[in-house]
């Protein structure tokens, strides 16, 4: 057994295909099949159940898959640590992020990072907070950016940005309401793994409005889809202030003022796996984030020192 065999094994499972794995790894199909056979002979147990339509892991395969990903992540970490002696002229950085930081924050940060370290290969995977945490834990992501904390002793959370979650409505909707009217308000919400959703529902629960008491008319898995649904009159929603600047400025959406409910403050976190050393590429990104954050705080604060809800 060697790491090349494990890389092939992981690639087959990730792509759910021997053929696609062989194409991506630039290997012949017989070579790919032989490497899996060698692995199964080494462990003396079947790892993959093959059918004409699918590739499924056996229980033994599931165990190996978990360890294989960690070993490949450690291999990458070792290569990048040695490469660091030559300076930040190469390497790769795999970043995961939930929707708000991934769409409305990180592109600006990565542009700044790229200007300084153009040799580093960047990849950004946008998902919900729960999946981003999972990617950091299994080693497929070097670090992540999320809008909610999970109870896990395996992840290190470091705050990097403050945010406001506000209620939004179509431009024709009355712009004020009482908190009691929330029970009858038709809501378009994000998927359960969304940090925005969990944060807002936690605040409403403290106000005496558990999630089950709300009138949810649609559940959508994308920020832009939610905005389009609200603009189209399907209902109202709650969303990061950062995601609606353009729509509020153009009059397509408005921020609802709710008596008894202020905009919800929350924090975005950068997350890394506990116990794993940070690569030079990751450390450089964190420094770049600090530089960008200071600029953002200046731009988003009014002359009287108060945060600007929408620009």
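Read the figures in this text as sums done on the coordinates, not as results from a lab. Here the structure is a predicted model, which means the values were calculated and not measured. Note that each Cβ is placed from the backbone with ideal geometry, even for glycine, and that neighbours are counted across all protein chains shown.
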TODO: Report the paramagnetic label zone for residue 191: residues of region 131-166 whose backbone N is under 20 Å from a point 7 Å from Cα along the Cα-to-Cβ axis.
DONE: 131-151
Task: FRET efficiency for residue 43 and residue 162, using Cβ-Cβ distance with R0 set to 45 Å, rounded to 0.05 - done: 0.35
Open item on the list: I need to check one value: relative contact order of region 169-289, counting alpha carbon pairs closer than 8 Å and at least 6 residues apart, in percent.
Closed with: 37 percent
Task: residue 259 paired with residue 28, simple spin-label distance in nm, labels 7 Å along Cα-to-beta-carbon - done: 7.9 nm
Open item on the list: Which log10 I(q)/I(0) values does region 106-167 give at q = 0.25 Å⁻¹ under the Debye formula, counting every alpha carbon as one identical point scatterer?
Closed with: -1.20
Task: Rg/Rh (Cα only; Kirkwood hydrodynamic radius) as it applies to region 162-266 - done: 0.91
Open item on the list: If I fit a long axis through the Cα atoms of helix 29-43 and take the longest principal axis of the Cα atoms of the chain, what angle between them do I get, 0 to 90°, rounded to 10?
Closed with: 80 degrees
Open item on the list: If neighbour count is taken as other Cβ atoms inside 10 Å, put 145, 160, 200 in order from fewest to most.
Closed with: 160, 200, 145
Task: Computed over region 1-70: relative contact order in percent, which uses C-alpha pairs under 8 Å that are six or more apart - done: 33 percent
Open item on the list: Only Cα pairs within less than 10 Å get springs; with that Gaussian network setup on the chain, which residue of 281, 257, 41 has the largest fluctuation?
Closed with: 41
Task: Helix-only mean residue ellipticity at 222 nm for the chain, each DSSP H run of n ≥ 4 adding -39500 (n - 2.57), per residue, nearest 500 - done: -13500 deg cm²/dmol
Task: Shape of region 1-70, Cα gyration tensor, a/c cut at 1.5 - done: rounded
Open item on the list: If you take every DSSP beta bridge fully contained in the chain, what fraction is antiparallel? Give it as a percent rounded to 5.
Closed with: 60 percent
Task: Sorted by Cβ neighbour density within 10 Å, fewest at the top, the residues 268, 9 - done: 268, 9
Open item on the list: Please report Rg (one decimal) and Dmax (integer) in Å for the Cα set of the chain.
Closed with: 23.0, 70
TODO: Starting from the Cα gyration tensor of region 148-214, take the square roots of the eigenvalues, sort them a ≥ b ≥ c, and report rounded, prolate or oblate (rounded when a/c is under 1.5, otherwise prolate if a/b is larger than b/c, else oblate).
DONE: prolate
Task: Computed FRET value (nearest 0.05) for residue 245 with residue 4, which takes r as the C-beta separation and R₀ as 51 Å - done: 0.60
TODO: Any chance you could run the full-extension gain for residue 294 through residue 228? It's 0.36 nm times the residue separation minus the Cα-Cα distance, nm to one decimal.
DONE: 20.6 nm
Open item on the list: Compute the helix-to-body angle for 59-83: its Cα long axis versus the longest principal axis of the chain, expressed 0 to 90° and rounded to tens.
Closed with: 90 degrees
Open item on the list: I'd like the orientation of helix 280-299 relative to the chain: the angle between its Cα long axis and the longest Cα principal axis, in ° from 0 to 90, rounded to 10.
Closed with: 10 degrees
Open item on the list: Let me check against my output: what whole-number percent is the relative contact order of the chain, with C-alpha pairs under 8 Å and at least 6 apart?
Closed with: 20 percent
